[in-house]
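The values are calculated or read from the model by the stated rules, or taken from the named source; none is laboratory data. The shown structure was predicted, so the numbers you read here are calculated from the model rather than taken from an experiment. Because the Cβ atoms are built from the backbone with ideal geometry, glycine has one as well, and the counts that use them run over all protein chains shown.
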């Protein structure tokens with residue numbers, strides 16, 4: 001729908017012309033996310049505070065104008081794309097402040113537009129630690145992280161965003177402002193509304209403030225790498241290590257295709273004949289604790305086919321070990337013009353079977369499918385590489401097969417990327433009709449006029 005001049009003038013009067021944009025450059029800049037799909041909104045608004053959000057939503061609800069909350073636009077599923085036109089509500093320009101650091105109770109209160117890495121750096125300067133570290137940490141906002149329930153490499157030990165959200169302030173579609181959760185660790189009064197808003201992808205309310213739990217920063221971190229002859233051995237090593245009494249901060253893997261791609265692009269001396277690489281990190285406060293963890297990991301790795309185990313002597317060597325993993329995504333572009341990237345998650349013990357079945361899909365459809373990811377929490381990034389765009393439909397068929405495999409193995413469609421537009425067609429694979437109707441009922445209770453991020457998540 002196109003906005004008529006009455007609506008446009010209202011928003012300009014409310015926010016000032018500098019915060020209410022209808023020019024083509026702004027509409028283009030806010031038309032896409034990391035999926036590279038593009039849908040232009042009719043207008044881009046930059047609220048200055050919570051009251052602005054309330055006034056905007058109240059007006060949009062009255063006039064049935066679709067509105068899409070947006071952080072940095074770094075998502076991989078089209079969650080912040082204005083699929084039905086309307087308004088993009090951009091929160092990163094003004095609502096990007098750290099409001100309070102409570103070092104006594106180990107909590108921090110922030111606005112949704114705060115960049116994840118900026119928050120990490122801020123609390124670490126006070127000896128504290130905010131663990132969730134999505135790959136987009138240098139760009140993604142805390143509001144976006146909460147809306148997508150983002151994870152990262154440290155999830156194996158420290159969990160994901162939901163584990164750190166204590167309270168949320170949010171604006172409902174009718175403009176009313178609610179508080180969900182408390183600053184207390186224990187709170188069993190009423191429904192867990194904060195939990196419902198986490199991972200809701202902006203479909204229920206617009207988050208205006210977030211209170212997060214912090215922990216003390218560990219004094220020592222150390223990285224190591226194991227080289228395996230087969231992917232099966234590496235996957236067995238993952239869950240057997242995690243079950244042995246040590247919980248690494250991260251346990252990341254690259255398969256052979258990914259190793260070859262990184263080496264082709266960067267010439268880092270990687271073992272291109274290896275079936276897989278596992279890169280791990282441990283932390284603690286005592287050197288003895290670190291050494292105990294590393295020795296136990298090395299033992300479990302070697303019991304499961306590890307042919308070489310390297311421990312980084314210092315942070316520089318640690319960065320070198322992590323280089324391959326952090327540059328995996330961009331490197332695999334050598335295998336095709338189009339990358340169909342999905343982040344399925346299964347229970348750790350199902351990883352060997354998952355990778356075996358993905359290999360079967362690769363052979364059956366004739367696509368290279370390099371895999372890498374966060375195996376410490378069972379999260380695998382699968383990448384169906386389409387060389388010829390005329391085979392794109394076949395590529396989507398392969399992805400559908402992989403989703404079915406993940407669900408069959410008691411896993412999920414999305415470990416950290418959300419659902420958005422891209423995965424909406426596959427929701428019926430993971431949820432039955434009664435479950436989907438429950439989701440629709442929740443959506444209707446919050447947003448009866450369906451103005452907030454409509455048609456996302458299969459709703």
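Before moving on, here are some points about what is shown:
- Subset of the range 264-287 (residues that are touching a residue at least 60 places away in the same chain (Cβ under 8 Å) and farther than 21 Å from residue 351 by Cβ): 264, 265, 266, 283, 284, 285, 286, 287
- Qualifying residue in the range 37-47 (condition: surrounded by fewer than 18 Cβ atoms within 10 Å (Cβ to Cβ), modelled with pLDDT of 95 or more, within 22 Å of residue 200 (Cβ to Cβ) and not assigned by TED's automatic domain parsing to the domain that holds residue 175): no
- The range 283-308 - residue that is surrounded by 18 or more Cβ atoms within 10 Å (Cβ to Cβ) and touching a helix residue (DSSP H, G or I) at 6+ places or on another chain (Cβ under 8 Å) and, of those, farthest from residue 230 (Cα to Cα): 283
- Taking the range 430-456 as the range and being part of a loop (DSSP other than H, G, I, E, B), out of contact with any helix residue (DSSP H, G or I) (no Cβ under 7 Å at 6 or more places or on another chain) and closer than 30 Å to residue 381 by Cβ as the test, the residues that pass are 431, 432, 453, 454, 455.
Conditions (1) assigned to a loop (DSSP other than H, G, I, E, B); (2) more than 23 Å from residue 31 (Cα to Cα), marked per residue:
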| residue | (1), (2) |
| --- | --- |
| 385 | no, yes |
| 393 | no, yes |
| 397 | no, yes |
| 410 | yes, yes |
| 418 | yes, no |
| 421 | yes, no |
| 428 | no, yes |
| 458 | yes, no |
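- Selection from the range 367-383 of residues that are in a loop (DSSP other than H, G, I, E, B) and more than 30 Å from residue 440 (Cβ to Cβ): 367, 369, 370
- Listing of strands (runs of 3 or more DSSP E) fully contained in the range 160-264 that carry 3 or more residues being surrounded by fewer than 19 Cβ atoms within 10 Å (Cβ to Cβ) and not assigned by TED's automatic domain parsing to the domain that holds residue 370: 177-181
- The set of residues in the range 16-52 being in a loop (DSSP other than H, G, I, E, B), within 30 Å of residue 99 (Cβ to Cβ) and touching a residue at least 12 places away in the same chain (Cβ under 8 Å) consists of 30, 33, 34, 41, 46, 47, 48, 49.
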